[in-house]
Amino acid sequence: MKQFEANFDGLVGPTHNYAGLSFGNVASYSNAAQASNPKAAAKQGLQKAKALADLGMVQGVLAPQERPDLYTLRRIGFSGSDAEVLQKAAKQAPALLNACCSASSMWTANAATVSPSADTRDGKVHFTPANLVDKLHRSIEPLTTGNILKATFNNDRHFKHHLHLPEHANFGDEGAANHTRLCSDYGKAGVELFVYGQSATNPNAPKPVKYPARQTLEASQAVARLHQLEDESCVFMQQNPDVIDQGVFHNDVIAVGNQNVLFYHEQAFLDTESKFAEIRRKMNAEMHFIKVSTAQVSIDDAVRSYLFNTQIITLPNGEMAIVAPTDCQENPAVFAYLNELTTLGTPIKQVKYFDVKQSMQNGGGPACLRLRVAMNELEVAAVNQNTLMNDMLFGRLNTWVEKHYRDRLTVADLADPQLITESRTALDELTQILKLGSVYQFQK
Ligand code: SUG
């Protein structure tokens with residue numbers, strides 16, 4: 001049976017803006033209060049997704065969330081008509097309004113953790129939405145994320161959907177951004193590498209001092225239990241707290257894997273050698289660890305260029321390619337490194353650059369924008385086919401963006417009640433295009 005690794009990219013929502021909401025995420029902070037271009041952001045994302053589909057990859061899309069999130073604003077005491085709720089929040093608590101307007105669900109690497117059927121005891125593909133408790137604006141995503149995942153992977157025979165973990169700092173969970181599945185072939189049992197930032201219940205364990213460690217060991221262990229993974233196929237590894245303090249807020253900002261390749265910065269982890277030995281033993285197949293040294297690329301350059309927030313994909317001809325943001329071309333050290341990488345005799349043979357600057361300015365590169373789901377052909381056939389990228393869907397989504405999205409949005413614009421109508425009209429039409437049913441609260 002054929003095996004695939006599908007990428008499901010998050011569609012950028014109509015309220016994409018720069019509000020500086022993510023402490024510890026350098027790009028989000030440094031671009032705070034700039035004007036955004038939601039239309040360009042959505043189109044950049046669609047271009048990348050379509051290009052991967054054109055390369056022969058299985059590519060899908062995940063719908064964005066409803067923003068402004070008036071349900072959360074009402075839950076915290078703002079009342080009246082929708083317009084009144086928005087305007088009261090804008091006046092009395094603008095920071096809360098900003099949190100309820102973020103389009104952050106576009107970074108679907110944080111939507112959920114996914115374990116393919118080859119790894120799980122019941123032979124199903126398991127999904128656990130991330131609770132994202134570390135950031136207010138992201139902590140309001142998981143319930144709707146669960147609805148969207150269920151509407152996209154809507155077949156109980158093949159897909160098992162869990163509730164997100166308890167909403168407490170001990171279980172801080174950021175989804176696939178801290179999870180890498182290594183394997184010889186997508187359809188064979190692999191090793192699931194969970195990278196955490198801190199252990200919540202061990203006060204003596206190392207942790208960052210300046211910025212938050214968003215993922216806990218306890219959350220990663222809970223996801224592994226829920227997904228019915230064998231101990232022998234899991235490795236739990238700690239992120240180096242020093243790099244979190246330099247802006248590496250998720251592991252996918254400093255390491256990325258695909259099949260039997262792990263591409264990483266030498267400062268990414270703690271206990272690197274012993275953990276890599278554990279991976280080798282549990283993999284039972286050849287592993288390629290591609291190390292980038294600080295002398296080649298500094299942490300600062302890695303964070304600015306997002307060298308590691310790249311996608312490594314296996315093309316239909318078996319060769320691997322790296323999907324990088326154009327920001328990597330613009331950074332001399334990183335560009336030189338990537339040019340050399342393809343000549344080093346590793347499985348990575350080509351680099352493909354994409355302009356995703358609208359997302360990059362909020363700290364989201366190509367890899368943040370996608371959720372990986374390894375599936376066999378029966379599972380791919382069980383996915384909601386209307387969410388899979390092809391010429392027709394690409395055309396329809398571009399027309400949809402063109403019709404509903406603004407080309408300029410500032411934080412001040414978030415108080416505009418017209419944005420509620422625009423966003424709901426767009427999302428209602430999107431659920432019809434993708435045939436998702438009623439996934440949003442306003443549709444219920
Ligand atoms: O959670 N940025 C996101 C970026 C997520 C990137 N994802 C991965 N690395 N997988 C975050 O920090 C910024 C929103 C704002 O500031 O308006 C934001 O949420």
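Local charge for ILE140 was computed over the other residues whose Cβ lies under 14 Å away, with Lys and Arg +1 and Asp and Glu -1, and equals 0.
Here the relative contact order of the range 190-338, from alpha carbon pairs under 8 Å that lie six or more residues apart, stands at 20 percent. Accessible surface computed residue by residue for the chain, with neighbouring protein chains in place and a 1.4 Å probe, gives 37 Å² per residue.
The Cα atoms of the range 164-298 give a gyration tensor whose axes a ≥ b ≥ c have a/c of 1.5 or more with a/b no greater than b/c, which makes the shape oblate. Counting only alpha carbon atoms, the long axis of helix 38-54 and the longest principal axis of the chain meet at about 40°.
Too long at a 30 Å Cα-Cα cut-off: which of LYS48/LYS349; LYS210/LYS275; LYS124/LYS435; LYS150/LYS352; LYS2/LYS403?
Values: LYS48/LYS349 19 Å; LYS210/LYS275 26 Å; LYS124/LYS435 23 Å; LYS150/LYS352 32 Å; LYS2/LYS403 38 Å.
Listed pairs above 30 Å: LYS150/LYS352; LYS2/LYS403.
Residue ranges 307-316, 220-229, 111-120 sort as 111-120, 307-316, 220-229 when ordered by packing (mean number of other C-beta atoms within 10 Å per residue, highest first).
For the chain, the longest principal axis of the alpha carbon atoms and the long axis of helix 272-283 meet at an angle near 80°.
Positive-end ranking of LEU136, TYR211, GLN198 along the dipole of the range 134-249, with charges on Cβ about the Cα centre, is headed by LEU136. Per-peptide packing, taken as the mean over residues of other Cβ atoms within 10 Å, places 182-193, 253-264 in the sequence 253-264, 182-193 from highest down. Less than 5 angstrom separates the built amide H of TYR353 from those of ALA324, all sequence-distant by 5 or more or on a different chain.
Can you tally the net charge around PHE335? Count Lys and Arg as +1, Asp and Glu as -1, for every other residue whose Cβ sits under 11 Å from the Cβ of PHE335. Could you put the intermediate results ahead of the total?
Working: positive: none; negative: ASP301, ASP327, GLU330, GLU340.
Taking every Cβ under 11 Å from that of PHE335, the sum is -4.
Evaluating 6.51 cos²θ - 1.76 cosθ + 1.60 at θ = phi - 60° for every residue in the range 295-310, the Karplus couplings come out as 5, 6, 9, 6, 4, 4, 5, 5, 6, 5, 8, 6, 3, 9, 8, 9 Hz, glycine and proline recorded as x. Using C-alpha pairs below 8 Å separated by at least 6 residues, the relative contact order for the range 55-162 is 24 percent.
Oblate is the label for the range 300-377, because a/c, from the alpha-carbon gyration tensor with a ≥ b ≥ c as root eigenvalues, is 1.5 or above and a/b does not exceed b/c. On a 0 to 90 degree scale, rounded to 10, what angle separates helix 82-92 from the longest Cα axis of the chain? Relative to the chain, helix 82-92 is tipped by roughly 80 degrees. Bridge orientation summary for the chain: considering DSSP beta bridges with both residues in this region, about 55 percent are antiparallel.
Couplings 3J(HN,Hα) of the range 173-181, computed from phi: 9, 10, x, 5, 5, 10, 9, 9, 9 Hz, in residue order, whole Hz [Karplus 6.51 cos²θ - 1.76 cosθ + 1.60, θ = phi - 60°; x for Gly and Pro]. Annotation: peptides 162-175, 418-431, 337-350, ranked by per-residue average of other Cβ atoms within 10 Å with the highest first, follow the order 162-175, 418-431, 337-350. Overall, the chain carries a charge dipole of about 700 debye about its Cα centre when +1 sits on the Cβ of Lys and Arg and -1 on the Cβ of Asp and Glu, all other atoms neutral. Each residue of the range 19-36 is assigned a 3J(HN,Hα), and the resulting list reads 10, x, 8, 10, 4, x, 9, 4, 5, 4, 5, 7, 9, 3, 6, 6, 7, 9 Hz, derived from the Karplus form 6.51 cos²θ - 1.76 cosθ + 1.60 (θ = phi - 60°), x at Gly and Pro.
Averaging 1/r over every pair of different alpha carbons in the chain and inverting the result gives a Kirkwood radius of 21.7 Å. In this rough spin-label picture, where each label sits 7 Å from Cα along the Cβ direction, the ASN398-SER30 distance is 3.3 nm.
Residues whose amide H lies under 5 Å from that of VAL292, counting only those 5 or more places away or on a different chain, are TYR264, HIS265, GLU266; hydrogens are built 1.01 Å from N in the peptide plane. Take every Cα pair under 8 Å whose residues are at least 6 apart in sequence, average their separation, divide by the length of the range 214-275, and the relative contact order is 34 percent. Here's how it looks for LEU371: its modeled amide H is under 5 Å from those of PHE8, ASP9, GLY10, which are all 5 or more places away or on a different chain. Only protein atoms count toward the accessible area here, which uses a 1.4 Å probe; on the chain, the carbon and sulfur part of that area reaches 49 percent.
The values are calculated or read from the model by the stated rules, or taken from the named source; none is laboratory data. Quick caveat: nothing in here was measured; it's all calculated off a predicted structure. Backbone-built Cβ (ideal geometry, glycine too); neighbour counts: all protein chains shown. Just so you know, the surface numbers come from the protein's heavy atoms only, side chains and all, with ligands and any DNA or RNA stripped out. Shrake-Rupley method; radii C 1.70, N 1.55, O 1.52, S 1.80 Å.
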